[in-house]
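Structure, as structure tokens:
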Amino acid sequence: MPHILLRHRDIPDIKNIEVYKQNGGFESLKKAVTTLQPKQVVEEVKASGLRGRGGAGFPTGVKWSFLPDNLWPHYVVCNADESEPGTFKDREIMTYNPYQFLEGVAIACYAVGATEGYIYLRGEFYPIAEQLDACLAEMEKQGYLGDKLFGTETSIRLKTHLGAGAYICGEETALLESIEGKRGQPRLRPPFPAVVGLYGKPTVINNVETLTNLPYIIEHGAAGFRQNGTEKSPGVKIFSLSGNVANPGNYELPLGTTFRELIFTHGGGIPNGRKLRAIMPAGASSSIIRVDDAVFDKVMDTPMDYENVQSVGSMLGSASVILIDDTHTMDWVINKTIHFFKHESCGKCTPCRDGNYWMLHLTERIHAGQASAQDVKLLDSVAAQVYGKCLCALGDFSTMAVRTAIERFPEDFEKVKA
Amino acid sequence: MSIAEKYTDEIQAIFAKYPVKRSAVMPLLYLAQRAEGYITKGAMAEIADLLELDVTEVAAIVGFYSMYHDEAAGKYRMQVCTDLSCALRGADAFLENLCQNLGVKVGETTPDGLVTVEAVMCLAGCDKAPMFQLQQGDQVSYHENMTVDKTMELVEALRKSSKQVDE
């Protein structure tokens, strides 16, 4: 099956605007702007069942419909801050298939009546931002952005904004703060960005992969989009596969593809004759799935969609599937994840800021074999006290691996001082 | 020379991007970093003036974001990802061997001032570990599927090209 999002794998030069045009490029934007009302675009995307690909899985069309039509201007902001450990899909889209992505951003702008859109890239994506700036200039030159698009009264302009190294800016309200020139710290909600967003105006924030689906949905309609995936999780998804696997990389597959197909058919299985011990399907923020002989088939036959991954005690998130083989123990794994979250906690909420500080102390001590059994209990208790007590999800995310590691891999936490 | 004099056109383009002046702070900090390799106190004061902000607010932004540096380091910052996915593919051992070969510890700079080695958080290069980014001023490049040998060759090439520029 040809790719829908990673089309550069079938059409290598698609990052060239002429090649993109020869392959149907900008036809969807033209169709939307010249033949559809903005509300019709919103309805089509709602009907497609497209869900946010950044991790939360919220229905995109529904999100758009929250924007009030008596407050203007509206903004579209694209979240290209891709920073979850294990996630590297947006980078591939923007690097190799930039015009499809930008066409998607423009369609979103048209749908919600925004004349301006910002693309917020993590600072490390400096070369990608340079390339996107060149693409935007080319689109403006050829009349796909700017004023009077396709001879209509529609105006759309897009701009890039570079972050500077902060995972928290992938959180949508922190991202808005960052564009406004402030430290990237989450806002209290409500009000939600759909009403009070960028510069206090109604704002839609969508992930890169989400937006890259839009040209396909406009071209093929909601029914065409639903040819892939499941009833509740339609479409294809890019699975970022990493860790102890023979062929790490991005795989574009229908939602609902099983772990077995991703890991063994596409990923080539676990290298060096080792056994798969654990899966983190949503990056460092995952609850850890234990894979031992008793549940191996059950886990492997689980379809990877927003509903079914929950049935094996985790979540799909942004589908950044990290595989861990039997040479690693979970005390090491959570020491890594907590090191990350402690560094990335923005410091605004005390439970997250101080909780991660103490969790790091405890995981270091446990991993070094210098902890008492009481320390393991204390770690679990600190995690429990962080959970649900912060303004944004980072605090919760930091606890997922910790609590499930202790619960599901008790033998890894017995290496303690007598 | 002040940043405003050095990058007049770029600063105009940055201001034109946003409806609010303050939004220019991050791009302006990158310009300051390009100028000196790090963000000096003087640059922070100038940016605060340009944006009508208190210098403390600008310093708070410099401190918050990990890609801004308020102290000089090597000409290049070699930032190795040692997060979970990369660590599962040997990033910790790579970093340790690299440091041994360069004769530095993590966070230190080679004696010739060329490279500062740092361990950083996930860079979205998980499938091509070991990997690192090279940061120089406001520029970044990725180096993936690296070995210590390949990295040492790269360092040699950087050393040669810096010498040529200096001469």
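The numbers here are math on the coordinates, done by the rules we state, and not lab data. Because the structure is predicted, anything quoted here is derived from the model rather than measured. Here Cβ is always computed from backbone atoms with ideal geometry, including for glycine, and neighbour counts include all displayed protein chains.
Sorted from longest to shortest, the spans of the Cα atoms of chain A along the three principal axes equal 78, 44, 36 Å. Along the axis of the charge dipole computed for the protein assembly as shown (Cβ charges of +1 for Lys and Arg, -1 for Asp and Glu, origin at the Cα centre), the listed residues A:GLY283, B:MET26, A:MET139 are led at the positive end by A:GLY283. Over chain A, Cα pairs under 8 Å with separation of 6+ residues give a relative contact order of 16 percent. Under the convention that each Lys and Arg Cβ holds +1 and each Asp and Glu Cβ holds -1, the size of the dipole of region A:7-225 around its Cα centre is about 400 debye. Across region A:236-325, Cα pairs under 8 Å and at least six residues apart give a relative contact order of 37 percent.
Applying the criteria of a DSSP loop state and at most 13 other Cβ atoms within 10 Å to the chymotrypsin sites (Phe, Trp or Tyr not before Pro) of region A:115-187 yields no site. Using only side-chain charges placed at the Cβ, +1 for Lys and Arg and -1 for Asp and Glu, the dipole size of region A:330-413 relative to its Cα centre rounds to 280 debye. For A:ASN207, the residues whose amide H sits under 5 Å from its own are A:ARG53, A:GLY54, A:ASN79, ignoring neighbours fewer than 5 places away on the same chain, with H placed 1.01 Å from N. Largest mean-square fluctuation among A:GLY184, A:GLY151, A:GLY221, in a Gaussian network model of chain A whose springs join Cα atoms under 10 Å apart, belongs to A:GLY151.
Using θ = phi - 60° in the Karplus curve 6.51 cos²θ - 1.76 cosθ + 1.60, the 3J(HN,Hα) couplings for region A:382-388 round to 4, 4, 4, 7, 7, 4, x Hz; x is entered for Gly and Pro. Using a cutoff of 8 angstrom between alpha carbon atoms and counting only pairs six or more residues apart, the relative contact order for chain B works out to 20 percent. Comparing A:ASP292, A:ASP90, A:ASP305 in a Gaussian network model of chain A where C-alpha atoms under 10 Å apart are linked, the largest mean-square fluctuation is found at A:ASP292. All Cα-Cα distances of region B:76-166, cut into 5 Å bins from zero to the largest, leave 3, 15, 27, 28, 17, 7, 3, 1 percent in each bin in turn. Result for chain B in a Gaussian network model with C-alpha springs under 10 Å: among B:ALA72, B:ALA43, B:ALA60, the largest mean-square fluctuation is at B:ALA60. Each residue in A:ASP326, B:ASP149 was given a count of other beta-carbon atoms within 10 angstrom of its own, and listing them fewest first yields B:ASP149, A:ASP326. With the cut-off at 29 Å, report for region A:1-154 the share of all Cα pairs above it, as a whole percent. When every Cα pair of region A:1-154 is considered, 15 percent fall beyond 29 Å.
For the protein assembly as shown, the mean residue ellipticity at 222 nm estimated from helices alone is -12500 deg cm²/dmol, where every DSSP H run of n ≥ 4 contributes -39500 (n - 2.57) and the total is divided by all residues, rounded to the nearest 500. Charged side chains reduced to their Cβ positions (Lys and Arg at +1, Asp and Glu at -1) give chain A a dipole of some 560 debye around its Cα centre. Ranking of A:LEU50, B:LEU29, A:LEU6, B:LEU114 by neighbouring Cβ atoms within 10 Å, starting from the fewest: B:LEU114, A:LEU6, B:LEU29, A:LEU50.
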